[in-house]
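Down below is the structure, laid out as structure tokens.
The values are calculated or read from the model by the stated rules, or taken from the named source; none is laboratory data. Since we're looking at a predicted model, the values are computed, not measured. Neighbour counts are summed over all protein chains in view; Cβ atoms, including those assigned to glycine, are modelled from backbone coordinates with ideal geometry.
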Amino acid sequence: MPDTPVSAAPQSSSLPRAGQPPLQRWPVVLETAGWKDYALLDMGRGQKLERYGRFTVVRPEPQAMGTPRLKPAVWERADAVFTGDVDEEGPGRWKFAGSVPETWEMAYGPARYFGRFMSFRHVGVFPEQAPHWDWVMEKVRAAKAAEPDRPIKVLNLFGYTGLASLLPATAGAQVTHVDASKKAIAYARENQDLSGLNDLPIRWILEDASKFVAREVRRGSTYDGIILDPPKYGRGPKGEVWDLFVNLPEMLDMLRQLLSPNALFMILTAYAIRASFLSVHELMAETLARQGGLLESGELVIREENGPRALSTSLFSRWSGA
Ligand SMILES: C[S@@+](CC[C@H](N)C(=O)[O-])C[C@H]1O[C@@H](n2cnc3c(N)ncnc32)[C@H](O)[C@@H]1O
């Protein structure tokens, strides 16, 4: 069990300082109830019905084991249905009710982004990440308010379509965004352009995350905040293999070395169903054993619009400095 379980978030003034183990808190459930451009409308029988901007979408969802609340006719009116494999990264394809555009615009706070019907059932945004975006922006704003001249450097690994890079940048952070896919980097830059945020200091880096991080460690670089959302399995631009269950411990060990002396946060998200949030928590606790601060772990969930149920989407563990 954690040393001192607490129900309310402790104030940073009462947190252990660097050199001591972080205070630990679990399970923590971080919930999003959606926003103007996102809603979980219904779920059940292995599927979920969501709204992304003006489009309703049906996708496989192995966690949705209950019974749908809405009438079948509502589900049948969906603009797009992803059919095929229920495995997260398995094959499958989109079927459309009518003609749909290649992209459509949506927004979260100051960031605008394109929705697109991608392979692997994605639509260009992971709404359950919203509590992390808000938390990171809050951390950056608070650090800037306390010390306006302090540069806040944030590293976003496996950054995909870039919302977790754009949002902290709007709060005043200098962001380094790393992804192995040329297409994903191009989409992220399109989102920056769409948001009218081209002036923000974001470095877009097309590279294998492990290689980039190893080089940053050798260079003695540091970051005040680190975000990583690694896939279970992925490839770098030169075919480098990323396997979460093999490479995560070494990656976290390198990232610990990149934390600045008064670092603000590190967030790990994992969509790997085979793991438990507790195994991710224990790995982070081991890695950050002398960092002080607070380590919280649990699940990211989405609350149904007008409904009583919540859907678990992923595991997370996040650390914040004292
Ligand atoms: C699950 S997505 C991350 C989602 C993202 N954080 C978001 O919320 O939009 C995984 C991303 O990792 C990238 N990726 C996979 N293997 C990689 C590697 N070895 N190095 C860097 N990026 C990698 C993929 O190109 C993809 O964009």
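Quick rundown of the values:
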| read-out | value |
| --- | --- |
| Residues satisfying the stated conditions in region 18-55, i.e. of a type in the set (D, E, K, R) and surrounded by 17 or more Cβ atoms within 10 Å (Cβ to Cβ) | 25, 37, 42, 48, 50, 51 |
| Residue in region 153-168 that is assigned by TED's automatic domain parsing to the domain that holds residue 84, of a type in the set (S, T, N, Q) and not in a helix (DSSP H, G or I) present | no |
| Neighbours by Cβ (under 9 Å, 6+ apart or cross-chain): first from region 239-264, among the basic types (Lys, Arg); second within 16 Å of the ligand (Cβ to nearest atom) | 256/266 |
| In region 214-240, the residues that are out of contact with any helix residue (DSSP H, G or I) (no Cβ under 8 Å at 6 or more places or on another chain) and near the ligand (Cβ under 10 Å from one of its atoms) | 234, 235, 238, 239 |
| Which numbered condition residue 156 fails, given (1) polar (S, T, N, Q); (2) crowded, with 23+ Cβ neighbours inside 10 Å; (3) at pLDDT below 95 | (3) |
| Matching residues, region 254-269, being within 16 Å of the ligand (Cβ to nearest atom) and outside any strand (DSSP E or B) | 254, 255, 258 |
| Residue in region 289-308 that is surrounded by 22 or more Cβ atoms within 10 Å (Cβ to Cβ) and not in a strand (DSSP E or B) present | yes |
